[in-house]
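J.: Before we start, here is the structure in question, set down as structure tokens.
The values are calculated or read from the model by the stated rules, or taken from the named source; none is laboratory data. As the structure is a computational prediction, the values presented were derived from the model and not from experiment. We place every Cβ from the backbone using ideal geometry, glycine too, and count neighbours over all the protein chains shown. Just the protein is used for accessible areas: all its heavy atoms, side chains included, with ligands, DNA and RNA removed. Shrake-Rupley method; radii C 1.70, N 1.55, O 1.52, S 1.80 Å.
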Amino acid sequence: MIRKLHEKDNDIAMNFLLEEASLNLFIIGDIEAFGYDSDFQELWGFFEDDELSAVLLRFHNSFIPYAKNDRLPVKEFSEIIKKYSGKIFLSGKSELVEKFEGINGLDLGKKQITYFAECTTDSYLEETEHDIFTAGPEDVDRIIELRASIDEFFPNPNAREIFLQSLEAGTGRTYYIEMDGKMAASAATAAENSKSAMIVGVCAHKEYRRKGLATAVMQKLFKDVMDEGKLLCLFYDNPEAGRIYKRLGFTDIGMWTMYR
């Protein structure tokens with residue numbers, strides 16, 4: 001049986017999701033910040049013998065399925081996703097979301113497979129001499145412009161709204177460095193919750209690459225988040241980036257697939 005989950009289901013949902021807290025940090029963070037009954041967010045649960053065994057989150061136009069022991073109701077979740085009229089972004093554990101490939105009427109877009117890594121120690125972090133700033137609402141357009149200039153990034157049409165919502169709800173923060181009056185490098189968190197945070201949007205302007213600026217921003221961001229007692233997670237698909245992250249204390253814990 002599939003039904004939409006509400007506040008009264010919170011204990012059941014959280015106990016289920018916390019069994020793999022790092023892999024579910026997006027869902028956990030969005031529930032903590034926005035609850036179950038907003039216009040832009042919904043959560044469905046799939047029950048077997050009255051026990052929750054799978055969930056599907058919609059956050060704006062992004063969908064994340066999760067299931068215990070890979071028992072995913074692909075057909076039923078696909079029908080829910082297909083009711084959304086705009087462009088969709090689907091992501092999740094690779095072995096789960098790849099089950100949606102080939103579903104009739106479901107346009108998944110370009111596929112990207114990344115490593116999923118987490119960090120639980122700040123012992124590898126160093127201080128930086130660069131002036132690093134925290135972005136506010138007045139910086140949103142410059143942040144989006146910088147990210148849009150990066151070939152590897154796929155801008156979300158709701159990026160501006162999501163950025164402002166994350167600032168207001170405390171589910172994300174963005175740090176940046178300026179050089180010659182330009183936004184030269186940036187890194188951000190997303191889906192921050194009481195236990196963890198996802199690192200996203202790590203980038204440097206093409207004119208300022210290979211100067212250590214993105215690493216400097218990351219180290220400041222990582223230290224501030226971890227000082228709050230949170231573990232860090234991130235995706236990467238670039239071997240060079242992977243080596244940098246591992247020098248900062250990250251270890252691989254799985255694979256993550258995104259369609260956008």
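J.: If I take the Cα coordinates of region 1-129 and project them onto the principal axes, what are the three extents in Å, biggest first?
T.: Principal axes ranked by extent give 52, 36, 30 Å for the Cα atoms.
J.: Note down the relative contact order for region 105-209 as a percent, whole number, built from C-alpha pairs under 8 angstrom at least six residues apart.
T.: So the answer I get is 21 percent.
J.: Summing +1 for each Lys or Arg and -1 for each Asp or Glu, what net charge is found among the other residues whose Cβ lies under 10 Å from the Cβ of LEU52?
T.: Taking every other residue near LEU52 into account, the sum is -3.
J.: Only four residue types carry charge here, +1 at the Cβ of Lys and Arg and -1 at the Cβ of Asp and Glu. Report the dipole size of region 4-159 about the Cα centre in Debye, rounded to the nearest 20.
T.: Its charge dipole is roughly 960 debye.
J.: Could you pull the Cα extents of region 135-187 along its three principal axes, largest to smallest, in whole Å?
T.: So the three principal-axis extents are 31, 21, 15 Å.
J.: To the nearest 10 square angstrom, how much accessible area does THR121 have with a 1.4 angstrom probe?
T.: 50 Å²
J.: Right, another one. Taking a spot 7 Å from the Cα of ILE244 along the direction of its beta carbon, which residues of region 211-232 have an amide N less than 17 Å from it?
T.: 211-223
J.: Could you state how much accessible area LYS182 has, in square angstrom rounded to the nearest 10, with a 1.4 Å probe and all protein chains kept in place?
T.: About 80 Å², ignoring ligands and nucleic acids.
J.: Give the calculated FRET efficiency between LEU18 and PHE133 to the nearest 0.05, with a Förster radius of 41 Å applied to their Cβ-Cβ distance.
T.: Working from the Cβ atoms, E equals 0.75.
J.: Taking the alpha carbon gyration tensor of the chain, what are the square roots of 5 times its eigenvalues, largest first, to the nearest whole Å?
T.: In descending order, the three semi-axes are 32, 19, 18 Å.
J.: Find the centroid of the Cα atoms in region 118-137 and in region 23-56, then give the distance between the two in whole Å.
T.: 31 Å
J.: Okay, moving on. Could you work out how much longer the chain between ASP37 and SER85 gets when fully extended? Use 0.36 nm per residue separation minus the Cα distance between them, nm to one decimal.
T.: Full extension from ASP37 to SER85 adds 15.3 nm.
J.: Starting from the Kirkwood Rh over alpha-carbon pairs, what translational D in µm² s⁻¹ does region 99-206 have by Stokes-Einstein at 20 °C and 1.002 mPa s?
T.: Estimated diffusion coefficient is 134 µm²/s.
J.: Run through all the Cα pairs of region 91-157 and give the fraction in each 10 Å bin from 0, expressed as whole percent.
T.: 12, 26, 35, 21, 6, 0
J.: Tell me, what is the percent relative contact order of the chain, built from C-alpha pairs under 8 Å that lie six or more residues apart?
T.: 23 percent
J.: Shifting gears a bit: With no solvent and one equal point scatterer per Cα, compute the Debye intensity ratio I(q)/I(0) for region 143-233 at 0.22 Å⁻¹ and report its log10, rounded to two decimals.
T.: -1.13
J.: Express in nm, to one decimal, how much length is gained between ARG3 and ASP227 on full extension, taking 0.36 nm for each residue of separation and deducting their alpha carbon distance.
T.: That pair, ARG3 and ASP227, stretches by 76.8 nm at full extension.
J.: Here is a follow-up. Could you give the nm distance between label points at MET255 and GLU161, where each point is 7 Å from its Cα heading toward the beta carbon?
T.: 3.3 nm
J.: Quick one: divide the alpha-carbon radius of gyration of region 46-114 by 2.2 N^0.38 Å and tell me what you get.
T.: My calculation over the Cα atoms of region 46-114 gives 1.07.
J.: Next question, about the same structure. So for region 1-133, averaging the separation of alpha carbon pairs under 8 Å that are six or more residues apart and normalising by length, what relative contact order in percent results?
T.: 17 percent
J.: With the other protein chains left in place, how much accessible area per residue, in square angstrom, belongs to the chain at a 1.4 angstrom probe?
T.: 49 Å²
J.: Follow-up question, since we're still on this one. What whole-number volume per residue, in cubic angstrom, does the convex hull of the C-alpha atoms of region 15-83 give?
T.: 94 Å³
J.: Positive end of the charge dipole of region 90-194 (Lys, Arg +1 and Asp, Glu -1 on Cβ, about the Cα centre): tell me which of TYR176, SER91, LEU164 has its Cα farthest that way.
T.: So the residue we want is SER91.
J.: If you don't mind, there's one more thing I want to ask. Highest mean first, what order results for 98-106, 198-206 on Cβ atoms within 10 Å?
T.: 198-206, 98-106
J.: What FRET efficiency would be calculated for the residue pair ASP50, ILE113, taking the C-beta separation as r and a Förster radius of 25 Å, to the nearest 0.05?
T.: 0.10
J.: Take ASN69 and PHE153, extend 7 Å from each Cα along the Cα→Cβ direction, and tell me the distance between the two endpoints in nm.
T.: 4.2 nm
J.: For the chain, what % of the accessible area comes from carbon and sulfur atoms, probe 1.4 Å?
T.: Answer for the chain: carbon and sulfur cover 46 percent of the accessible area.
J.: Next up: Which sequence of TYR175, TYR124 reflects their accessible areas, 1.4 Å probe, from the largest down?
T.: These residues rank, largest area first, as TYR124, TYR175.
J.: Add +1 for every Lys or Arg and -1 for every Asp or Glu among the other residues with Cβ under 11 Å from the Cβ of HIS130, and state the total.
T.: Computed value for this residue: -2.
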